[in-house]
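Participant: Shown below is the structure under consideration.
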Amino acid sequence: MGAGKSTKSKRVSQERNAVLISEDEWLSKLYPNQITSFDDYLHYSSLLKPLVKSHVLDILKTGTSVVMDFPANTVNQRKWFKDLITEANAPNELIYLNVSNDVCLRQIEKRRLEQPERAIYDTESMFIEVTKYFQEPDQSEGFNLQVVDRNA
């Protein structure tokens, strides 16, 4: 949360003329006002993933690139991406935004002001809940890993 994942995803999709698929956007449109806790997010995200996987596979079959604005905070979350990539037999790039907690919290605060509709779940307590599960990605996971250090 707050690392700049959505901003980076938008930029990359524009630069590469790729289809952008944002988990936040899909969740907010499919399940409006239903995600008020981390458990709600986990539940609805798991419902969304089979649909997204099928959709992404269909897009990739056309030869079109896809940028996925989804969290990949844990080895298990990244395994879902790796399985999708393997099934599609598609090239990949995992962009890891290396950002300190302090920077993320400042960006979350700013986002709450700019997007008040997100204030209910863009909180420090939600950030702490999500961040305690974070596992830094590693080359051994089989991705073409690009690390972007945003701590400066």
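The values are calculated or read from the model by the stated rules, or taken from the named source; none is laboratory data. None of the values given here were measured: they were computed from a predicted structure. All Cβ positions, even for glycine, are placed from backbone atoms using ideal geometry, and neighbour counts span all protein chains on display.
Participant: Report whether or not residue 54 is of a type in the set (S, T, N, Q), farther than 20 Å from residue 147 by Cα, within 15 Å of the chain's Cα centre (by Cα) and surrounded by fewer than 16 Cβ atoms within 10 Å (Cβ to Cβ).
Facilitator: no
Participant: Turning to a different aspect of this structure: Give me a count of the residues in region 76-124 that are of a type in the set (A, V, I, L, M, F, W, C) and under 20 Å from residue 57 (Cβ atoms).
Facilitator: Of region 76-124, the ones of a type in the set (A, V, I, L, M, F, W, C) are 80-81, 84-85, 88, 90, 94-95, 97, 99, 103-105, 108, 113, 119-120.
From what is left, the residues that are under 20 Å from residue 57 (Cβ atoms) are 80-81, 84-85, 88, 90, 94.
Going through region 76-124 one residue at a time, the tally reaches 7.
Participant: Which of (1) hydrophobic (A, V, I, L, M, F, W, C); (2) in contact (Cβ under 8 Å) with a residue 24 or more places away in the chain; (3) under 23 Å from residue 118 (Cα atoms) is the odd one out, the single condition residue 18 does not satisfy?
Facilitator: (3)
Participant: Looking only at region 1-24, count every residue that is surrounded by fewer than 15 Cβ atoms within 10 Å (Cβ to Cβ), modelled with pLDDT of 95 or more and either in a loop (DSSP other than H, G, I, E, B) or among the hydroxyl-bearing types (Ser, Thr, Tyr) (or both) and tell me the total.
Facilitator: Counting residues in region 1-24 that are surrounded by fewer than 15 Cβ atoms within 10 Å (Cβ to Cβ), modelled with pLDDT of 95 or more and either in a loop (DSSP other than H, G, I, E, B) or among the hydroxyl-bearing types (Ser, Thr, Tyr) (or both) gives 2.
Participant: How many of the residues in region 25-42 are surrounded by 16 or more Cβ atoms within 10 Å (Cβ to Cβ) and under 13 Å from the mean Cα position of the chain (by Cα)?
Facilitator: 3
Participant: I'd like to verify a number: residues in region 135-152 that are closer than 15 Å to residue 102 by Cα and surrounded by fewer than 13 Cβ atoms within 10 Å (Cβ to Cβ), how many?
Facilitator: 3
Participant: Could you give every pair whose Cβ atoms fall below 7 Å, whose first residue belongs to region 94-113 and is more than 14 Å from residue 134 (Cβ to Cβ), and whose second residue is of a type in the set (A, V, I, L, M) and not in a helix (DSSP H, G or I), counting only separations of at least 6 or pairs across chains?
Facilitator: 94/72; 94/145; 95/148; 108/1; 112/119
Participant: Looking at 59, 120, 95, 128, which is the one that is over 15 Å from residue 6 (Cβ atoms) and at pLDDT 95 or above?
Facilitator: 59
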